[in-house]
Amino acid sequence: MTRGEPLTVICLAAGAGTRMKSRRPKMLHEIGGRSLVGHAVAAARSLAPEALVVVVGYEREAVSVHLADIDPAAVLAVQENYKGGTGDAAQVGLAAAPPSDTGTVVVTYGDVPLLEPDTLRDLVREHSDSSRAVTVLTAEVDDPTGYGRIVRDPAGQVRRIVEQKDASDQERAIREINSGIYAFDRAFLAEALDAIDTDNVQGERYLTDVVEIASKTDGIGPMLLADVWQLEGVNDRVQLARLGAELNRRTLDRWMHEGVTVVDPTSTWVDVTVRLAPDVTLRPGVQLHGTTQVDEGAEIGPDTTLTDVTVGADARVVRAHGIEARIGEGASVGPFAYLRPGTDLAAGGKIGTYVETKQATIGPGAKVPHLSYVGDATIGEGANIGAGTIFANYDGVAKHRTTVGRHCRTGSDNVFVAPVEVGDGAATGAGTVVRRNVPPGALAVSSGPQRHIEDWVERKRPGSASDRAAEEARAAASKGAASQEKPGNGSGGAST
């Protein structure tokens, strides 16, 4: 392909995927943070094609909605005849592409998630440099069962591709397989697709028959790929898990080469969409998903799951769960913390043990150390929230916000009944229920004087373990008081 000629990519994603045994279309199953078709689209986009056409069929509505979300510029083409075969699907895709008599067409598949952009770029370059009608991506495998075989002539030229069900015993022994991924001269492809028929065991129009047409003029050549993993397809849940594990291994290897420490790669899972800086440490049991980004020197884990979370430099997150949250530089989270969407923890702040936050802005150096719920709240710089605090943000109809000012010190077991504001530098006593605004520098207390109802347990729970314990304690106290009142045994009288 010469410079300036159009490049079109057709991604075939119309299959039913019945072996997945799922209500979800096969193309929407995920590994590494993307759907199967999402991986295919991302690889195709790396070529910067003039047009990317995705051929859909089974569950087209769900797949189309997903594609519109991940790549609105992709052109959708519908294969109405599910049994038409790959040749029919390619023809449907070509018809949906912008018209042209020149250029290159790359055909890929929506269920080959490990195919790398560099491989596609090499394929296009090889095809362009050779001026062939067809360049096919091939690989040699130990067990070729299920794949189409590359049939060569004695001179080593590719003559045809035979599918497993149509192959002879001799042909089934061939170890070089067809990946199903091609680069075509566009004009040749359009003409050849019109010429293929359904004369095969499946009664389908095979795209591989185009190869045989090209071979008659020596217009075909292979590009042998050493990395067979890139050509593995997903047909069932076993293959989905297998390729997911391999993708994760490759992802972690890449980050470790970039300066990230992964203490235990076997228990660490990182989506391909995650971004990590050098000197990040991932401890065992970490899962990072979505658009999560971790800055230099931060430590994550063990046993931590973050989805769409930003973690600042030198922060520490341990045994925590976070979704759509921001953790500032040098901040501390966990263990056993739950950061829900809208949590914003500033630099040097702390969200501690058994703390849940939602739509909460926690200022620089502010601390919520333990056993608290912070919902719809703003906590000012340097403030400290006492243990067992509840921000009561819901009145049964609407949510309301609480604001705690800078350098406030709130007591344990507080309830802030929103909407309410606590002024800068204020304090609250233990057990306080704050229902009204607290002025700056004031102490808020709401509990009355402590009082005792004597013998309540004896009257209300007679004979209980508590009653017996209280009776024993009273008896012991009475005995102790009596012994203190006895006169001494020394001779205090005058001598005779």
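The values are calculated or read from the model by the stated rules, or taken from the named source; none is laboratory data. What you are looking at is a predicted structure, and each value in this text was computed from that prediction instead of being measured. Don't worry about glycine lacking a Cβ; one is built from the backbone with ideal geometry, like all the others, and counts go over all protein chains shown.
Points to keep in mind about this one:
- Scan region 25-50 for residues that are surrounded by fewer than 21 Cβ atoms within 10 Å (Cβ to Cβ), touching a helix residue (DSSP H, G or I) at 6+ places or on another chain (Cβ under 8 Å) and not hydrophobic (A, V, I, L, M, F, W, C) and the total you get is 4.
- Residues considered: Thr145, Thr138. Of these, the only one that is polar (S, T, N, Q), assigned to a loop (DSSP other than H, G, I, E, B) and in the same structural domain as Thr102 (by TED's automatic domain parsing) is Thr145.
- Condition met for Ala347 (in the same structural domain as Ser267 (by TED's automatic domain parsing), crowded, with 21+ Cβ neighbours inside 10 Å, of a type outside the set (Phe, Trp, Tyr) and within 30 Å of Asp264 (Cβ to Cβ)): no
- Of all residues in region 149-184 being over 19 Å from Asp218 (Cα atoms) and modelled with pLDDT under 90, the one that is farthest from the chain's Cα centre (by Cα): Asp166
- Test: residue in region 446-459 that is farther than 23 Å from Ala346 by Cβ, assigned to a loop (DSSP other than H, G, I, E, B), touching a strand residue (DSSP E or B) at 6+ places or on another chain (Cβ under 6 Å) and modelled with pLDDT under 95: yes
- Subset of region 345-367 [within 15 Å of Val404 (Cα to Cα) and either among the basic types (Lys, Arg) or within 20 Å of the chain's Cα centre (by Cα) (or both)]: Lys367
- Annotation note: Cβ proximity below 6 Å between a residue of region 15-31 that is closer than 15 Å to Leu67 by Cα and a residue that is part of a strand (DSSP E or B) and modelled with pLDDT under 95 (sequence gap 6+ or interchain) occurs for Pro25/Glu59.
- Within region 237-253, not a single residue is among the aliphatic types (A, V, I, L, M), assigned to a strand (DSSP E or B), touching a Ser or Thr at 6+ places or on another chain (Cβ under 7 Å) and crowded, with 17+ Cβ neighbours inside 10 Å.
- Of the residues in region 203-212, none is among the polar types (S, T, N, Q), more than 24 Å from Gly17 (Cβ to Cβ) and buried (at least 20 other Cβ atoms within 10 Å of the Cβ).
- Only one of the numbered conditions (1) in contact (Cβ under 8 Å) with a residue 60 or more places away in the chain; (2) under 30 Å from Tyr354 (Cβ atoms) is violated by Thr307, and that is (1).
- Any strands (runs of 3 or more DSSP E) falling wholly within region 150-228 and containing at least 2 residues that are among the β-branched types (Val, Ile, Thr): 158-162, 176-185
- Residues of region 51-75 satisfying the condition of being in contact (Cβ under 8 Å) with a residue 12 or more places away in the chain, of a type in the set (D, E, K, R) and not in a loop (DSSP other than H, G, I, E, B): Glu59, Arg60
- Selection over region 76-112 of residues that are assigned to a helix (DSSP H, G or I) and surrounded by 19 or more Cβ atoms within 10 Å (Cβ to Cβ) gives a count of 10.
- Scanning region 368-399 for residues that are β-branched (Val, Ile, Thr) and either closer than 24 Å to Asp314 by Cα or under 29 Å from the mean Cα position of the chain (by Cα) (or both) yields Val368, Val374, Thr378, Ile379, Ile385.
- Out of Gly386, Gly342, sole residue that is in the same structural domain as Arg406 (by TED's automatic domain parsing) and either surrounded by fewer than 22 Cβ atoms within 10 Å (Cβ to Cβ) or in a strand (DSSP E or B) (or both): Gly342
- When restricted to residues that are farther than 29 Å from Ser128 by Cα and of a type in the set (A, V, I, L, M), region 44-66 contains 3.
- Top-ranked residue of region 419-448 - restricted to ones that are charged (D, E, K, R) and more than 13 Å from Ala383 (Cβ to Cβ), ranked as farthest from the chain's Cα centre (by Cα): Arg436
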